[in-house]
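Enquirer: Just dropping this structure here.
The values are calculated or read from the model by the stated rules, or taken from the named source; none is laboratory data. These numbers were taken from a predicted model, which means no experiment stands behind them. Neighbour counts run over all protein chains shown; Cβ positions are idealised from the backbone, glycine included. The area values use the complete protein model at the heavy-atom level, side chains included, leaving out ligands, DNA and RNA. Shrake-Rupley method; radii C 1.70, N 1.55, O 1.52, S 1.80 Å.
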Amino acid sequence: MHFLKNLLKQPQRADRDLQQRLYILLTAMADLALLIILIADILLTEHPLEVIVIALVIVFLPLTCYLSIRLKHEKEGRIIMAFTTIYLVMPVTFFAGGGMQGGAIQWFSFAYLYVGLLLTGAWRFVMLSSLTLLAVFEFFMNRVRPDLIQPHSDMMGQLDILVSVVLVGFVIYILVRFQNNMFLVENQKAREEASKVEEMSRSQNQFFSNMSHEIRTPINTIIGLNEMILREDISDEVAEDAANIRAAGKMLLHLINDILDMSKIQSGQMELSLSTYDPGNMLSEIVGMLWVRAKDKDLDFLVNIAPDLPAELYGDEVRIKQILINVINNAIKYTREGSVTFSVQCGEKNGDEMNIVYSVTDTGIGIKKESIPHLFSAFKRVDEEKNRYIEGTGLGLSIVKQLVDLMGGKIAINSVYTKGSTFVIEIPQKIMSTRELGEIEIEDRRTFRRRDKYRTKFEAPDARLLIVDDNSSNLLVATKLLRDTKIRIDTAKSGEEALKLTLNNEYQVIFMDHLMPEMDGIECRRRILNQTGGRSRNARIVALTANAGEKNRQLYAREGFDSYIEKPVSGDILEQELYHLLPSELVRSMGNAEEFTKETMSWMQSRRQKKAIAISTESVSDLPAELISQYDIKVFAHKVVTEDGSFRDGIEIDTDGLLDYMKDSDHKVETASPTIAEHEAFFADCLTTANNVIHISVSSNVAKSGYLKALEAAKAFGNVFVINSHHLSSGEGLMTLEACRLAREGYSPAEIAEALENYAGKIHTSFVVNEMDFLARAGQISSRVANLSQALMIRPVLVMRKGRLRVGRVFFGSKERAWKRYIDSELTPLLDIDTSILFVTYVGLSNRDKELIRSYIDQRMHFDKIWFRKASPVIAVNCGAGTFGLLYRENLRE
């Protein structure tokens, strides 16, 4: 008994793995059950054979379990125990224990569970099959050869069955409960481990972020003051030294970014920041940074840029630059003599998208074939013995691979060991200009030339700038870099000091650091803009910070900063930002600044002044492009999901193409609203041009509405207001136009939200449906109802009531007759209809159909403007060709 008690304690030991604990538990429970059966058999005077076999097995099972674990032959021990159960215990207890009239048959349930949990793989299948055959065999023998079975009296048989049922139930309960508890414990351990890993990841990310911030501050001083040296009248030798310092500083910054980005990649937080950029400027900067390193090793640095490269591309310039710097820098590091060749070519073109092919070829040490698969592993360096004297973190190529994959590109490596390597990178990018780059003088950058004497691009002696930073070096750098602009500069080392200055001085622009003691830059900005009696409440405030990355950029956009500058800064960046933000009457362009002015004019026009309120809506609002442009409405696309992929509503798929696709009844089409994360990104983008956003959403009661997601996304901002339109299609569009009118008249966001809530009840949204097949395919009605409606020529009218789409009326007969009756019923003199505007939103109508509908409308009522608007694909999915609606508003009463 002591041995059995000790065996029962073994499954609770945490030092054993889950399978081993279960193995011990199964053995202990089986042994305990057999012990109780043995006692019952003795009391019931069962057949001696059954008593002897059970007694032997009681000793055999724990001994086998103990020895198999001790000798590390658990698998063999499990098989032996299963074999003993099936071929010894089960047959003996059946034939010697009364057969079908005894308790042995009840133990088959336990045997299945026992064998199933005990074994794995092929042995489990074999033993469970054997157990099944044994059950069939015993039932068969009980039927045809009952003489082979030791009979039981009625009382003995009933007692045997009772004991067996209770024991089987109890044992199965214990097994299931224990297994459940073990899984709960293991699951809790896994959650705790995951929590620790997550916390460690957060700590690591915070450490890297803090490290990046702290290192950027001294780099800002080095690069900034070094630029001041380059502006002075200095010798060629000093100028070349200063240029080398600048290149080294940028490389140091690049390494910091690599470490920070590796942390983001590992935690799944890496995001792309797409924008239009000039590839010529980007490539020139890369070459200018790396030719110094090549020159230091006496390497030829050859650059070939295809002249037919588009002059403007759309992509993540920062990440592409990071990829190329890593690959070229790697080539320079592993090349002792010879050359490094950098080439850029145009690849495959597909519509407005082109693969840009970058290749880097070196005459270095090459890569062993077996090492290539490990080339992109973080912190791993191939051929360590040969490369032990070569500097590097081991992060570069790992980041390259991750970033290329993130951009949907590909990277290939061709290498001959001891001869050299070629890296070919293809990245798809959008073409933003038909103008070609042409021949650029990039070769001259490889040989140092005394740079032209610095000239400021503008002067603004009557303008005032406040720079707020708790670091004196940063204040010194920014002040020196801008001194030639003659702008009057004040500095503050804290938020409190800044508030004292803004109370009595009017600043047109404020450069604000974020992380400062006592009061951070975000809080300081809020106080400046709301400062009672403050003279800088209309100042343009720019985040000038060492907090790098897209998430920080989005943070400052959400908080309403007018722009964002990342340290370390250059004079060009600071001057360009001031040129954009200062009132034009305070700025005087200098010398050859005409080209600078021309290049940035289009950007200035869009960002010169942030709007107080931006109005946004969804693609399902079915507004004409003319009105969207006229009111500068931001439109967020819903999605159409087919078997061929997901497409942005109205951008990547149009209504006519979708209707053709849906002619095949086997083609399944669904709609989807943007995700919460996509809403957040959309709102952040809107806030780059406005201080507040009013977002008009489709009714929350409509299937696949984006309202709740938009509402959740708005919580990340303090100045985004999501309005439930209670309508769809052009009814939502009418709500959007009213929001635009209120914003232009100077209403506050809260006032607009309140007014729109009342305005929703004045809008009428309805559609007459020609065929109900699409409603059936969209799951709105059953196919049986659709077929019946088509047979009876039923034309239902769908009406928005309290935000829900309901069947309002039903017309019978031809579509022309139904259309006429629909228009007559909607445009009734009983309603005080605003006749300034009417939307006729339709799906799949011919020109003849539209002319007929217009004639019906003109017969009924005159409107100043009738917009015939093709419904978006998302709307078309649910109603099909031949559907149209009248969407209008009642007159507003004062």
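Enquirer: Which of the residues belonging to the range 616-647 are touching a residue at least 24 places away in the same chain (Cβ under 8 Å), polar (S, T, N, Q) and out of contact with any His (no Cβ under 6 Å at 6 or more places or on another chain)?
Expert: Thr617, Ser621, Thr642, Ser646 - these are the residues of the range 616-647 that are touching a residue at least 24 places away in the same chain (Cβ under 8 Å), polar (S, T, N, Q) and out of contact with any His (no Cβ under 6 Å at 6 or more places or on another chain).
Enquirer: Looking only at residues that are of a type in the set (Phe, Trp, Tyr) and more than 23 Å from Arg801 (Cβ to Cβ) in the range 670-714, which one is nearest to the chain's Cα centre (by Cα)?
Expert: Filtering the range 670-714 down to residues of a type in the set (Phe, Trp, Tyr) leaves 682-683, 707.
Narrowing the set further to residues that are more than 23 Å from Arg801 (Cβ to Cβ) leaves 682-683.
Numbers: Phe682: 13, Phe683: 15 Å.
Among those residues, the one meeting the criterion is Phe682.
Enquirer: Then there's this: Just to be sure before I move on: is Leu742 modelled with pLDDT of 85 or more and either touching a Gly at 6+ places or on another chain (Cβ under 7 Å) or over 18 Å from Leu623 (Cα atoms) (or both) in the structure I sent?
Expert: For Leu742, the condition - modelled with pLDDT of 85 or more and either touching a Gly at 6+ places or on another chain (Cβ under 7 Å) or over 18 Å from Leu623 (Cα atoms) (or both) - is not met.
Enquirer: Restricting attention to the range 223-239, which residues are open to solvent by 70 Å² or more (accessible area, probe 1.4 Å) and part of a loop (DSSP other than H, G, I, E, B)?
Expert: Glu232, Asp233
Enquirer: Moving on to the next point. Can you name every residue in the range 476-508 that is among the acidic types (Asp, Glu) and within 18 Å of Thr456 (Cβ to Cβ)?
Expert: The one that is among the acidic types (Asp, Glu) and within 18 Å of Thr456 (Cβ to Cβ): Asp484.
Enquirer: What strands (runs of 3 or more DSSP E) completely inside the range 305-395 contain at least 3 residues that are open to solvent by less than 50 Å² (accessible area, probe 1.4 Å), at pLDDT 90 or above and under 20 Å from Gly409 (Cα atoms)?
Expert: Numbers: elements: 313-315, 339-350, 353-362.
Hits in the range 305-395: 339-350, 353-362.
Enquirer: When the range 314-367 is examined, which residues are found to be touching an Asp or Glu at 6+ places or on another chain (Cβ under 8 Å) and within 27 Å of Glu652 (Cβ to Cβ)?
Expert: The answer is Cys346, Gly347, Met354, Asn355, Ile356, Val357.
Enquirer: Okay, next question. For the range 99-121, state whether one or more residues are in a loop (DSSP other than H, G, I, E, B), open to solvent by less than 70 Å² (accessible area, probe 1.4 Å) and at pLDDT 80 or above.
Expert: Within the range 99-121, one or more residues are in a loop (DSSP other than H, G, I, E, B), open to solvent by less than 70 Å² (accessible area, probe 1.4 Å) and at pLDDT 80 or above.
Enquirer: I'm trying to understand the selection: among the residues of the range 131-159, which are of a type outside the set (A, V, I, L, M), surrounded by 15 or more Cβ atoms within 10 Å (Cβ to Cβ) and either assigned to a helix (DSSP H, G or I) or in contact with a His (Cβ under 9 Å, 6 or more places away or on another chain) (or both)?
Expert: Quick first cut of the range 131-159, residues of a type outside the set (A, V, I, L, M) only: 132, 137-140, 142-143, 145-147, 150-154, 157-158.
Imposing the further condition that a residue be surrounded by 15 or more Cβ atoms within 10 Å (Cβ to Cβ) reduces the set to 138, 142, 150, 152, 157.
Listed by number, the residues that qualify are Glu138, Asn142, Gln150, Gly157.
Enquirer: Which members of the range 240-251 meet the condition of being under 22 Å from Thr217 (Cα atoms) and open to solvent by 20 Å² or more (accessible area, probe 1.4 Å)?
Expert: Selection gives Asp241, Asn244, Ile245, Arg246, Ala248, Lys250.
Enquirer: Right, next: Where residues in the range 832-879 are open to solvent by less than 50 Å² (accessible area, probe 1.4 Å) and of a type in the set (Phe, Trp, Tyr), which of them is nearest to Ile651 (Cα to Cα)?
Expert: Out of the qualifying residues, it is Tyr842.
Enquirer: Out of the range 699-726, which residues are open to solvent by less than 10 Å² (accessible area, probe 1.4 Å) and in a loop (DSSP other than H, G, I, E, B)?
Expert: Ser699, Gly706, Ser725
Enquirer: Now for a separate question. Mind checking which residues of the range 181-222 are open to solvent by 70 Å² or more (accessible area, probe 1.4 Å), at pLDDT below 75 and basic (Lys, Arg)?
Expert: Arg202, the sole residue that qualifies.
Enquirer: Tell me, which strands (runs of 3 or more DSSP E) lie completely within the range 752-814 with 1 or more residues that are modelled with pLDDT under 80 and surrounded by fewer than 20 Cβ atoms within 10 Å (Cβ to Cβ)?
Expert: Details: elements: 763-768, 794-801, 804-812.
Those strands (runs of 3 or more DSSP E) span 794-801.
Enquirer: Can I ask one more? Would you say Val59 is without any contact (Cβ under 8 Å) to a residue 24 or more places away in the chain, β-branched (Val, Ile, Thr) and assigned to a helix (DSSP H, G or I)?
Expert: For Val59, the condition - without any contact (Cβ under 8 Å) to a residue 24 or more places away in the chain, β-branched (Val, Ile, Thr) and assigned to a helix (DSSP H, G or I) - is met.
Enquirer: I've got another one for you. If you take just the helices (runs of 4 or more DSSP H) that sit entirely in the range 466-579, which of them hold at least 1 residues that are crowded, with 18+ Cβ neighbours inside 10 Å and either more than 38 Å from the chain's Cα centre (by Cα) or modelled with pLDDT of 90 or more (or both)?
Expert: Here the list reads 472-481, 495-504, 521-529.
Conditions tested, residue by residue: (1) under 23 Å from Leu838 (Cα atoms); (2) touching a Ser or Thr at 6+ places or on another chain (Cβ under 6 Å); (3) small (Gly, Ala, Ser); (4) surrounded by 23 or more Cβ atoms within 10 Å (Cβ to Cβ).
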| residue | (1), (2), (3), (4) |
| --- | --- |
| Ala677 | no, no, yes, no |
| Met735 | yes, yes, no, yes |
| Gly746 | no, no, yes, no |
| Pro749 | no, no, no, no |
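Enquirer: A further question on this structure: As an exercise: evaluate Arg21 against (1) open to solvent by 10 Å² or more (accessible area, probe 1.4 Å); (2) in contact (Cβ under 8 Å) with a residue 60 or more places away in the chain; (3) within 24 Å of Ala135 (Cβ to Cβ) and give the number of the one condition it does not meet.
Expert: (3)
Enquirer: Follow-up. Run down Thr45, Thr64 and say which single residue is hydroxyl-bearing (Ser, Thr, Tyr) and modelled with pLDDT of 85 or more.
Expert: Thr64
Enquirer: Take residues that are at pLDDT below 90 and tell me which of the strands (runs of 3 or more DSSP E) falling wholly in the range 603-652 contain 3 or more.
Expert: 611-618, 639-642, 645-648
Enquirer: Which of the residues that make up the range 531-555 are without any contact (Cβ under 8 Å) to a residue 40 or more places away in the chain and either among the acidic types (Asp, Glu) or closer than 20 Å to Thr689 by Cα (or both)?
Expert: Scanning the range 531-555 gives Arg537, Asn538, Ile541, Val542, Ala543, Asn552, Leu555.
Enquirer: Can you tell me how many residues within the range 351-364 are within 28 Å of the chain's Cα centre (by Cα) and free of Cβ contacts under 8 Å to residues at least 60 places away in the same chain?
Expert: Adding up the residues that qualify gives 1.
Enquirer: Here is a list of conditions, (1) of a type in the set (D, E, K, R); (2) open to solvent by 80 Å² or more (accessible area, probe 1.4 Å); (3) at pLDDT 75 or above; (4) under 29 Å from Gln402 (Cα atoms), and Asp278 meets all of them except one; can you say which number that is?
Expert: (2)
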